[in-house]
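The values are calculated or read from the model by the stated rules, or taken from the named source; none is laboratory data. Keep in mind that this is a model prediction, so the values were computed, not measured. Glycine gets a Cβ as well: all are built from the backbone with ideal geometry, and neighbour counts include every protein chain shown.
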Amino acid sequence: MQEISEKTAIVTGAASGIGRGIATALAELGANVVMADIQKEAVEQAAKALSDTNKCVMPVQIDVTQEQSVIDALAEAESNFGKLHIACNNAGVPMHGTKLIDVPTGDWEFVTGVNILGVIHGIRHFVPAILKHGEEGHIINTSSVAGFQNRRGTNQGPYSMSKYATLSLSEALEHELEGTNVGVSVLCPGPIDTKIAHGARNRPDHMGGPQVRKNDESVLAEKLATRGLDPKKAGDRVIDAIQMNTFYAFIGDVPVEVIRARHRRIEDALNTPWVTDYLSD
């Protein structure tokens with residue numbers, strides 16, 4: 001998908017961080033941008049700030065854990081701009097600093113609700129909206145380098161699990177959309193200077209309401225502040241992935257050797273008498 005000007009895009013989690021960076025990059029290229037976020041006032045302020053760059057920017061409140069909220073946001077996008085071409089399933093929350101056996105059920109529901117079910121809802125409703133008009137389109141799902149590895153000492157198991165799931169969903173979607181005009185990318189950022197460490201403070205009431213998770217904030221805040229990239233760079237990476245139809249869109253500090261070591265461990269496990277390659281028959 002080469003041309004982005006005058007195309008319509010929806011970006012979830014767009015009030016700040018990576019989502020705002022993506023929305024900014026799209027707006028600068030002349031796209032109609034629907035900025036969707038659970039924080040109503042924050043996304044309205046973010047859209048107002050972008051209006052100097054592009055008048056075709058619209059804020060909408062969304063709770064990606066709720067399917068009807070996603071349907072309603074899509075309806076607003078189509079009502080205002082017509083056809084949808086680009087969907088960025090970006091909304092995400094952290095879950096770090098707590099061992100798996102100590103994570104309460106409500107916290108599991110929160111991280112899977114936003115990071116996994118939010119992407120599923122986007123796939124179920126944004127993808128058909130793009131396919132129905134037959135024009136070029138693109139889906140971008142935000143995973144993380146954490147979707148490729150679990151680093152010792154961070155207790156990031158719930159978060160990594162959710163980003164592994166986003167990666168797998170994206171790979172499956174890419175296969176299903178082969179032969180169409182719709183491309184798929186999975187954004188895999190390292191540390192980005194965002195407010196994700198405070199994500200639980202925007203926890204919806206039906207999932208327990210706002211919380212201060214000191215574990216998330218203590219594990220993430222310093223790393224993001226000292227090593228985090230400008231979110232706009234993540235937005236620029238998304239633009240490149242759309243235009244070049246790149247599936248894996250890594251950016252920033254990536255633990256390359258850790259990921260390679262994991263893959264070598266898998267290769268070693270496959271190279272045993274217990275394994276038969278059924279695709280070789």
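Please tell me if E171 is surrounded by fewer than 17 Cβ atoms within 10 Å (Cβ to Cβ), at pLDDT 95 or above and in a helix (DSSP H, G or I). Step through it out loud before you land on a result.
Numbers: surrounded by fewer than 17 Cβ atoms within 10 Å (Cβ to Cβ): yes; at pLDDT 95 or above: yes; in a helix (DSSP H, G or I): yes.
Yes: the conditions hold for E171.
Specify the residue that is farthest from the chain's Cα centre (by Cα); the eligible residues are those in the range 74-95 that are over 13 Å from E6 (Cα atoms) and small (G, A, S).
Across the range 74-95, the extreme among qualifying residues is S79.
Give the residues of the range 140-167 that are at pLDDT 95 or above, more than 16 Å from I259 (Cα to Cα) and polar (S, T, N, Q), sorted by residue number.
N141, T142, S162, T166
Return the residues of the range 219-240 that are at pLDDT 90 or above and among the β-branched types (V, I, T); say none if nothing qualifies. Explain how you work it out, then say what you get.
Kept after step one, since they are at pLDDT 90 or above, are these residues of the range 219-240: 230-240.
The answer is V238, I239.
Go through the range 72-115 residue by residue and tally those that are crowded, with 20+ Cβ neighbours inside 10 Å and part of a helix (DSSP H, G or I).
Going through the range 72-115 one residue at a time, the tally reaches 10.
Can you find even one residue in the range 52-71 that is buried (at least 24 other Cβ atoms within 10 Å of the Cβ), more than 19 Å from I139 (Cβ to Cβ) and of a type in the set (D, E, K, R)?
yes
Tell me which residues, restricted to the range 174-212, are at pLDDT below 85, surrounded by fewer than 23 Cβ atoms within 10 Å (Cβ to Cβ) and in a loop (DSSP other than H, G, I, E, B).
Those that are at pLDDT below 85, surrounded by fewer than 23 Cβ atoms within 10 Å (Cβ to Cβ) and in a loop (DSSP other than H, G, I, E, B): D193, K195, R203, P204, G208, G209, P210, Q211, V212.
Keeping to the range 47-71, report how many residues are under 22 Å from the mean Cα position of the chain (by Cα) and either part of a loop (DSSP other than H, G, I, E, B) or modelled with pLDDT of 95 or more (or both).
16
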